[in-house]
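Peer 1: Input: one structure, supplied below.
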Amino acid sequence: MCVAAPMKVIEIDGDNIRAELAGVTKEANLAVIDERPELGDYVIIHAGFALHRIDPEEAKITLALWKEMGVIDEVPE
Amino acid sequence: MKYLSEYRDGSLASKIADRITAISKKPARFMEICGTHTVAIFKSGIRDVLPQHIGLVSGPGCPVCVTATGDIDRAVKLARIPDVIVTTFGDMIRVPGSESSLKRERGLGADVRMVYSTMDALEVARQNPEKKVVFLGIGFETTAPTIAAAVVAAEAEGIKNFSVLSSHKLLPPALDALLSGGEVDVSGFICPGHVSAVIGTAPYEEVVAQYRTPCVVVGFEPVDILQGIYMLVSQIEAGEPKVEIQYRRAVAPEGNQNALKTMSRVFEPCDAPWRGLGVIPKSGLALREAYRAFDAEALFDIDTPDSPEPPGCKCGDVLRGVITPVECKLFRNVCNPENPIGPCMVSSEGTCGAYYKYHA
Ligand code: SF4
């Protein structure tokens, strides 16, 4: 039911989007998303609805934590 | 692939596993509450890289699995009503009720359709104005807002032949029921990534305050899960239980307010039966009075008297993390994905189904 992987928004048409991951595309509705995405943003899709727009800054914090743990040397760009 | 490949990096994963081994002294048992985690943990072989004294156990997080027999029986009754089209998510069709399943009813001529999204169910209603289209709503806080959104859309569009049979479940009351039962030995929760994207972290704060059980919201890739376990282990070693988010790219502490608002516009909490956990107060969702016209419960006579759970099936104990599926006498021989006895074997994300597929 849940596509755990983030998909890239490639089309926006009103409240409907099309998103892509590794060549597979899916349609999703924006009625319950937390923050409207723009083209090129990444979203989490669940049962035909986009639930969340990925925040790139937050993703970076996770990478910084890896560095803190000593499991990576540099935080990648 | 952005936001993906780095979380699947094998050498990074094994480095984190080494860090866990290096810091972990105390025995611990972590419960993952989401079926997607159950499957991811098996697939990635995470159990094999953890120190012996750290155990992982599955909890009540697969939406199909926690559905009570009575919920299936009501859906079966609904499917038998002429002019009704039952729409639902795939796995529900195969879950046995006390005397039949939706799949069996479909074989006998009922109109039962699998949909990918509630908006597809709404489309079925648009295309079949002479029929009554009912969506069998299951799932947690991730799914409930999407079903609420469909009801709101149906209302706005004036679609009159669409309704919802709500068997939704709320996660926090189940955690509370698990912990207050005292029978479950869990030292920390691997909290579900996407449910948490909706509900945020406030409910877990209550768990920590009341039971001092660490809670970490975790993503679904191997590196995510290992980092989440590392965070839980760190909390346990420090003796400081708290709520942390590992899955920051998807989960904000405040959750998704838009989804929560949509959900509570249409639904209100109600007492609900869970498989194996009994009735848990305020753990389900019923349609509000204002949306009665979309409430299948109010529109159709589908009350079922008694709905016993299948004899011998231990799904309840499996869902509470009290036993693993291999300890169920019916596992593999009598009960298997071809011929599931309980819902935990039906869903690919069910604990029994996952053990069947991945456990040697
Ligand atoms: S193996 Fe089958 S019968 Fe046993 S608990 Fe799991 S679903 Fe129920």
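Peer 1: Identify, by number, the condition in (1) within 11 Å of another protein chain (Cβ to nearest Cβ); (2) surrounded by fewer than 24 Cβ atoms within 10 Å (Cβ to Cβ) that B:GLU130 doesn't meet.
Peer 2: If we test B:GLU130 against (1) within 11 Å of another protein chain (Cβ to nearest Cβ); (2) surrounded by fewer than 24 Cβ atoms within 10 Å (Cβ to Cβ), just (1) comes out false.
Peer 1: Let me ask something else about it. Among the residues in the stretch B:266-274, are any away from the ligand (no atom under 16 Å from the Cβ) and within 14 Å of chain A (Cβ to nearest Cβ)?
Peer 2: yes
Peer 1: Same structure, new question: Within the set of pairs 6+ apart or on separate chains, which have a first residue in the stretch B:249-274 that is at negative phi and outside the structural domain of B:TYR204 (by TED's automatic domain parsing), a second that is modelled with pLDDT of 95 or more and surrounded by fewer than 20 Cβ atoms within 10 Å (Cβ to Cβ), and C-beta atoms under 6 Å apart?
Peer 2: none
Peer 1: Give just the number: which of (1) buried (at least 17 other Cβ atoms within 10 Å of the Cβ); (2) away from the ligand (no atom under 16 Å from the Cβ) does B:GLY353 not satisfy?
Peer 2: In the conditions (1) buried (at least 17 other Cβ atoms within 10 Å of the Cβ); (2) away from the ligand (no atom under 16 Å from the Cβ), B:GLY353 misses (2) alone.
Peer 1: So, one more: Would you mind finding the one in A:ILE44, A:ILE61 that is open to solvent by 40 Å² or more (accessible area, probe 1.4 Å), among the aliphatic types (A, V, I, L, M), within 9 Å of chain B (Cβ to nearest Cβ) and within 25 Å of B:ASP9 (Cα to Cα)?
Peer 2: Values: A:ILE44 fails: open to solvent by 40 Å² or more (accessible area, probe 1.4 Å).
The unique qualifying residue is A:ILE61.
Peer 1: Among the residues of the stretch B:310-329, which ones are crowded, with 19+ Cβ neighbours inside 10 Å, within 9 Å of the ligand (Cβ to nearest atom) and part of a loop (DSSP other than H, G, I, E, B)?
Peer 2: Matches in the stretch B:310-329: B:CYS313, B:LYS314, B:CYS328.
Peer 1: Could you list, ordered by first residue, the pairs with Cβ atoms under 9 Å in which the first is in the stretch B:304-323 and within 14 Å of another protein chain (Cβ to nearest Cβ) and without any contact (Cβ under 8 Å) to a residue 24 or more places away in the chain and the second is near the ligand (Cβ under 9 Å from one of its atoms) and not small (Gly, Ala, Ser), at least 6 apart or interchain?
Peer 2: Listed by first residue and then by second, the contacts come to nothing, as the list is empty.
Peer 1: Could you figure out which of (1) at pLDDT 90 or above; (2) more than 23 Å from B:ALA298 (Cα to Cα) isn't true of B:GLY61?
Peer 2: (1)
Peer 1: Right, something else. Restricted to the stretch A:16-41, and to residues that are without any contact (Cβ under 8 Å) to a residue 24 or more places away in the chain and among the β-branched types (Val, Ile, Thr), which residue is surrounded by the most Cβ atoms within 10 Å (Cβ to Cβ)?
Peer 2: Taking the candidates together, the pick is A:VAL32.
Peer 1: If a residue must be open to solvent by less than 20 Å² (accessible area, probe 1.4 Å) and outside any helix (DSSP H, G or I), how many such residues does the stretch B:8-33 contain? Steps first, please.
Peer 2: As a first pass, look at the stretch B:8-33 and keep what is open to solvent by less than 20 Å² (accessible area, probe 1.4 Å): B:12-13, B:16-17, B:20, B:24, B:28, B:30-33.
Retained after the next criterion (residues that are outside any helix (DSSP H, G or I)): B:24, B:28, B:30-33.
Here the count works out to 6.
Peer 1: If you go through the stretch B:307-322 one residue at a time, do you hit one that is in contact with a Ser or Thr (Cβ under 8 Å, 6 or more places away or on another chain) and of a type in the set (Asp, Glu)?
Peer 2: Looking for residues that are in contact with a Ser or Thr (Cβ under 8 Å, 6 or more places away or on another chain) and of a type in the set (Asp, Glu), one finds at least one in the stretch B:307-322, hence yes.
Peer 1: Let me ask another. Which condition breaks for B:ASN333 when tested against (1) within 11 Å of the ligand (Cβ to nearest atom); (2) surrounded by 17 or more Cβ atoms within 10 Å (Cβ to Cβ)?
Peer 2: Condition not satisfied by B:ASN333: (2).
Peer 1: Moving on. Restricting the search to the stretch B:1-34, which residues are within 26 Å of the chain's Cα centre (by Cα) and within 9 Å of chain A (Cβ to nearest Cβ)?
Peer 2: B:TYR3, B:LEU4, B:TYR7, B:CYS34
Peer 1: Scan the stretch B:276-300 for residues that are touching a residue at least 40 places away in the same chain (Cβ under 8 Å) and open to solvent by 80 Å² or more (accessible area, probe 1.4 Å) and report the count.
Peer 2: 3
Peer 1: While we're looking at this one, here's another question. So is B:LEU136 closer than 20 Å to B:ARG80 by Cα and crowded, with 24+ Cβ neighbours inside 10 Å or not?
Peer 2: Yes; evaluated as a whole, the condition is true for this residue.
Peer 1: Residue check, B:ARG292 against (1) on the phi < 0 side of the Ramachandran plot; (2) within 14 Å of chain A (Cβ to nearest Cβ); (3) in contact with a helix residue (DSSP H, G or I) (Cβ under 8 Å, 6 or more places away or on another chain), all met but one. Which one?
Peer 2: Only one criterion in (1) on the phi < 0 side of the Ramachandran plot; (2) within 14 Å of chain A (Cβ to nearest Cβ); (3) in contact with a helix residue (DSSP H, G or I) (Cβ under 8 Å, 6 or more places away or on another chain) is unmet by B:ARG292, namely (2).
Peer 1: Taking into account only those residues within the stretch A:47-58 that are more than 7 Å from every other protein chain (Cβ to nearest Cβ) and surrounded by fewer than 18 Cβ atoms within 10 Å (Cβ to Cβ), which is farthest from B:ILE147 (Cα to Cα)?
Peer 2: The initial filter retains those residues of the stretch A:47-58 that are more than 7 Å from every other protein chain (Cβ to nearest Cβ), namely A:50, A:53, A:56-57.
Okay, now just the ones that are also surrounded by fewer than 18 Cβ atoms within 10 Å (Cβ to Cβ), so A:56-57.
Numbers: A:PRO56: 29, A:GLU57: 31 Å.
Here the answer is A:GLU57.
Peer 1: Shifting gears a bit: Please identify the pairs in which a residue from the stretch B:330-352 that is within 14 Å of chain A (Cβ to nearest Cβ) has its Cβ atom under 8 Å from the Cβ atom of a residue that is near the ligand (Cβ under 6 Å from one of its atoms) and open to solvent by less than 10 Å² (accessible area, probe 1.4 Å), counting only partners at least 6 apart or on another chain.
Peer 2: B:GLY350/B:CYS344
Peer 1: Looking at B:GLU206, B:GLU183, B:GLU240 in this structure, which one is open to solvent by 30 Å² or more (accessible area, probe 1.4 Å), in the same structural domain as B:ARG292 (by TED's automatic domain parsing) and part of a helix (DSSP H, G or I)?
Peer 2: Details: B:GLU183 fails: part of a helix (DSSP H, G or I); B:GLU240 fails: part of a helix (DSSP H, G or I).
Checking each option against the conditions leaves just B:GLU206.
Peer 1: Any idea which of (1) more than 14 Å from every other protein chain (Cβ to nearest Cβ); (2) of a type in the set (Gly, Ala, Ser); (3) farther than 30 Å from B:PRO27 by Cα; (4) in a helix (DSSP H, G or I) is the one B:SER283 doesn't satisfy?
Peer 2: (4)
Peer 1: With the structure loaded, tell me whether A:ALA5 is small (Gly, Ala, Ser) and at the interface with another protein chain (Cβ under 7 Å from one of its Cβ atoms) or whether it fails that test.
Peer 2: Against the criterion (small (Gly, Ala, Ser) and at the interface with another protein chain (Cβ under 7 Å from one of its Cβ atoms)), A:ALA5 qualifies.
Peer 1: If you don't mind, there's one more thing I want to ask. Exactly one of these conditions fails for B:CYS344: (1) assigned by TED's automatic domain parsing to the domain that holds B:LEU171; (2) in a helix (DSSP H, G or I). Give me its number.
Peer 2: Evaluating B:CYS344 over (1) assigned by TED's automatic domain parsing to the domain that holds B:LEU171; (2) in a helix (DSSP H, G or I) leaves (1) as the failure.
The values are calculated or read from the model by the stated rules, or taken from the named source; none is laboratory data. Fair warning: this is a prediction, and the values are worked out from it, not measured in the lab. All Cβ positions, even for glycine, are placed from backbone atoms using ideal geometry, and neighbour counts span all protein chains on display. SASA here: full protein model, heavy atoms, side chains in, ligands and nucleic acids out. Shrake-Rupley method; radii C 1.70, N 1.55, O 1.52, S 1.80 Å.
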